[in-house]
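Structure, as structure tokens:
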Amino acid sequence: MNHISELDAKSIMGNNMIGREEIAKLTGMSLRSGELIPEIQYSREELEKKKEDYILILGVSQFEDGTPVTIRNLKKRMGMDPNITEPCFYNQDWYDKEDFIDIPMKDGWFLIRKEVYENSRAVQPGELMEKINFPSAINCTYAFFVSWYVLGIKLWYHDFVWCSDTDHNGDRIYVGKYHDVDGVNKNGFSIHRHLALRPCYGCID
């Protein structure tokens, strides 16, 4: 595969790209942009194919103070009250003891889709996984916040997206849906788990 430069990638992706320059100027997150930027592993052909529907993002593993970029640490910085500041996380704590929120962001480039596939709506994740490689929860969370700050794009504003992570019971993680169209819940980046049916589930009358 022929790697391309960041400049060439920018010429293809246009505004659908968050690179070294954008990360360095990022306010609100204080990311360490780093001096050694990994190569862009995507080919020109792949970027041309995905330039309209995807964002090419430079992942950064640390904040400026050296702490790792994890969901836990992003939550501490972004807060959980939209009345104080936005963007923020939805106020929930069920996942505070789950391992996946401490998985650090990796230094490197990744592509992430801006909108859900329409034909994937209401389809079981197991069926979707036969065709689609789900992104990690940290990649989705990182992409959401940097895209809001840098591009002014509110990814998956009314939708949830499946992630590759699971909780300690093996239940699939899904994230997103910042805004509740019914106005019942406050704004916030949500993190949930899809409960699989197990013997402890039953009914009564």
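For this structure, a couple of remarks:
- Loop-located chymotrypsin sites (Phe, Trp or Tyr not before Pro) in the range 38-138, at most 14 other Cβ atoms within 10 Å (DSSP): W94, Y117
- Under-5 Å amide H pairs with C88, H placed in peptide plane, nonlocal only: F189
- With the highest mean first, a sort of the peptides 125-131, 19-25 on other beta-carbon atoms found within 10 angstrom per residue produces 19-25, 125-131.
- In terms of distances greater than 19 angstrom between alpha carbons, the cross-link table entries K49/K106; K51/K114; K114/K186 yield K49/K106; K114/K186.
- The range 31-88: GluC sites (Glu not before Pro) in DSSP loop, at most 15 other beta carbons within 10 Å: E35, E39, E52, E64
- Cross-link partners of K10 among aspartates and glutamates, defined as those whose alpha carbon lies under 20 angstrom from its own and excluding same-chain residues fewer than eight positions apart: E21, E22, E35, E39, E45, E46, E48, E52, D53, D107.
- Contact order for the chain, expressed relative to its length and based on alpha carbon pairs under 8 Å spaced 6+ residues apart, stands at 19 percent.
- Span-rule helices in the chain, defined as complete DSSP H runs reaching 18 Å or more along the axis (Cα) with Kyte mean at least 0.5: 137-151
- Placing V184, V116 in order of accessible area, with the largest value first and a 1.4 Å probe, yields V184, V116.
- Averaging 1/r across all pairs of distinct Cα atoms in the chain and inverting the result yields a Kirkwood radius of 18.1 Å.
The values are calculated or read from the model by the stated rules, or taken from the named source; none is laboratory data. Everything numeric here is computed off the predicted structure, so don't read it as measured data. Every residue, glycine among them, receives a Cβ derived from its backbone with ideal geometry; neighbour counts consider all protein chains shown. We work out accessible area using only protein heavy atoms, side chains counted, and drop any ligands, DNA or RNA first. Shrake-Rupley method; radii C 1.70, N 1.55, O 1.52, S 1.80 Å.
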